[in-house]
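What follows is one structure encoded as structure tokens, with my remarks underneath.
The values are calculated or read from the model by the stated rules, or taken from the named source; none is laboratory data. Just so you know, these numbers come straight off a predicted model, no measurement behind them. Glycine gets a Cβ as well: all are built from the backbone with ideal geometry, and neighbour counts include every protein chain shown.
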């Protein structure tokens, strides 16, 4: 019984193109379906800097897939468009966003990293919890969930907590 429950997860992830460019053409619904098939990453494999790429933003699924992918690729790569976020840095049970700053990198928006149940009830994820005293109050409502896509490649989704409700905002990848 346990083996049959794991087989669909392995089959689903092995038949999809798992590179960030292909993933950026997927809708949020399709990324939700993919995320459900993935296993959580280990805290050990997350350590260090990971390059980030924005894949999907809530409200953009109306755009054609190629146009949406190109727009989000530009948003990730061009600092003038908004691509100042470069990824994440993990250090033990803590992490921080890595931002581009003139002449140096900057880490901002720290979070706690731990295994936890997925917000949608779909198993275990690595949770990125921004409810940390050093963060500005507006950032403390952010909650991320992360799973492994493949060696050195991770899929993450970001929520914002509004009282008892969590609203999904976006998906991104992290790559070693």
Out of (1) part of a strand (DSSP E or B); (2) over 21 Å from residue 40 (Cβ atoms); (3) free of Cβ contacts under 8 Å to residues at least 40 places away in the same chain, the odd one out for residue 158 is which?
(2)
Would you mind stating whether residue 143 is out of contact with any helix residue (DSSP H, G or I) (no Cβ under 6 Å at 6 or more places or on another chain), assigned to a strand (DSSP E or B) and either modelled with pLDDT under 90 or surrounded by 13 or more Cβ atoms within 10 Å (Cβ to Cβ) (or both)?
yes
Which numbered condition in (1) in contact with a strand residue (DSSP E or B) (Cβ under 8 Å, 6 or more places away or on another chain); (2) farther than 26 Å from residue 27 by Cβ; (3) at pLDDT below 95 is the only one that residue 170 fails?
(2)
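Yes/no per residue for (1) modelled with pLDDT of 90 or more; (2) surrounded by 15 or more Cβ atoms within 10 Å (Cβ to Cβ):
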| position | (1), (2) |
| --- | --- |
| 4 | no, no |
| 18 | no, yes |
| 23 | no, yes |
| 26 | no, yes |
| 37 | yes, yes |
| 54 | no, yes |
| 75 | no, yes |
| 79 | no, no |
| 96 | yes, yes |
Report whether or not residue 112 is within 16 Å of the chain's Cα centre (by Cα), at pLDDT 90 or above and part of a strand (DSSP E or B).
yes
